[in-house]
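Novice: Provided herewith is a single structure, encoded as C-alpha cells, for subsequent inquiry.
The values are calculated or read from the model by the stated rules, or taken from the named source; none is laboratory data. The structure displayed is predicted, hence computed values, not measured ones. So basically every Cβ, Gly included, is an ideal-geometry build from the backbone, and we count neighbours across all protein chains shown. For accessibility, only protein heavy atoms count, side chains too; no ligands or nucleic acids. Shrake-Rupley method; radii C 1.70, N 1.55, O 1.52, S 1.80 Å.
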Amino acid sequence: MSAQPETAGIDPRSPRFGAGITAVLLLVDLFLGLVGATTAAFVLLLAIALLFAWGAFAGIRRHPYGLLFRTLIRPRLAPPTEREDPAPPTFAQGVGLVVTGLGLLLHLLGVPYVLPIAAALAFVVAFLNAVFGYCLGCQIYLLLVRAGVIRRRSAATA
C-alpha cells in the first residue's frame with residue numbers, strides 16, 4: 001500500500017489525541033469553577049475557547065494539538081490503517097467554540113454557575129471522543145450535510 005498524500009485525509013488518532021488534552025483541561029476548568037476559583041476558570045475556559053477557534057477557523061490540520069501529534073506521537077506509531085475527512089472534526093471544533101464561547105458570554109452577563117456547566121458539557125463531548133472515538137460534533141456535521149443544511153467541504157479545504 002502506498003502512502004497517501006496529506007490531502008487524502010487526516011490520521012483519525014490525531015483528533016482523539018487533541019480531545020484527550022482538551023478533556024483534561026476541561027476537567028481542570030470544571031474543578032476550578034466548582035471550588036470557586038472563578039477567575040482562573042474563566043481564563044482557562046477562554047484559552048480553551050481560543051484553541052477551539054483556532055481549529056474551527058484555521059482547520060484541524062493547523063491546530064497546535066495536531067502539530068504535537070504529528071511531531072511527537074505519530075512517528076512512534078504504526079501508519080494509520082485509514083484516513084478520515086478533516087471537515088467533520090473541524091466542524092466539531094466550531095461546536096466546541098460555541099459551547100465554551102456561550103459559557104464565557106453568559107458568565108460575563110452574570111449567569112451563575114455557567115462556567116462549570118459549559119466546562120462539564122464540553123468535557124463530556126471531549127471525553128467521548130478521546131476514550132471511545134465518538135465525535136459528537138462530527139455526527140452533527142454529518143446530520144447537517146445529510147439534511148442539506150450545509151454542504152460537505154472537500155478534504156483539501158478543511
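Novice: Quick one: which of GLY59, GLY103 is farther than 23 Å from ALA8 by Cβ and either of a type in the set (D, E, K, R) or open to solvent by less than 30 Å² (accessible area, probe 1.4 Å) (or both)?
Specialist: After applying the criteria, what remains is GLY103.
Novice: Kindly indicate whether ARG61 is among the charged types (D, E, K, R), within 22 Å of LEU142 (Cβ to Cβ), modelled with pLDDT under 95 and assigned to a helix (DSSP H, G or I).
Specialist: Against the criterion (among the charged types (D, E, K, R), within 22 Å of LEU142 (Cβ to Cβ), modelled with pLDDT under 95 and assigned to a helix (DSSP H, G or I)), ARG61 qualifies.
For (1) among the aliphatic types (A, V, I, L, M); (2) at pLDDT 95 or above, each residue gets a yes or a no:
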site: GLY66; (1), (2): no, no
site: ARG76; (1), (2): no, no
site: ALA87; (1), (2): yes, no
site: VAL95; (1), (2): yes, yes
site: GLY101; (1), (2): no, yes
site: ALA122; (1), (2): yes, yes
site: ALA130; (1), (2): yes, yes
site: LEU142; (1), (2): yes, no
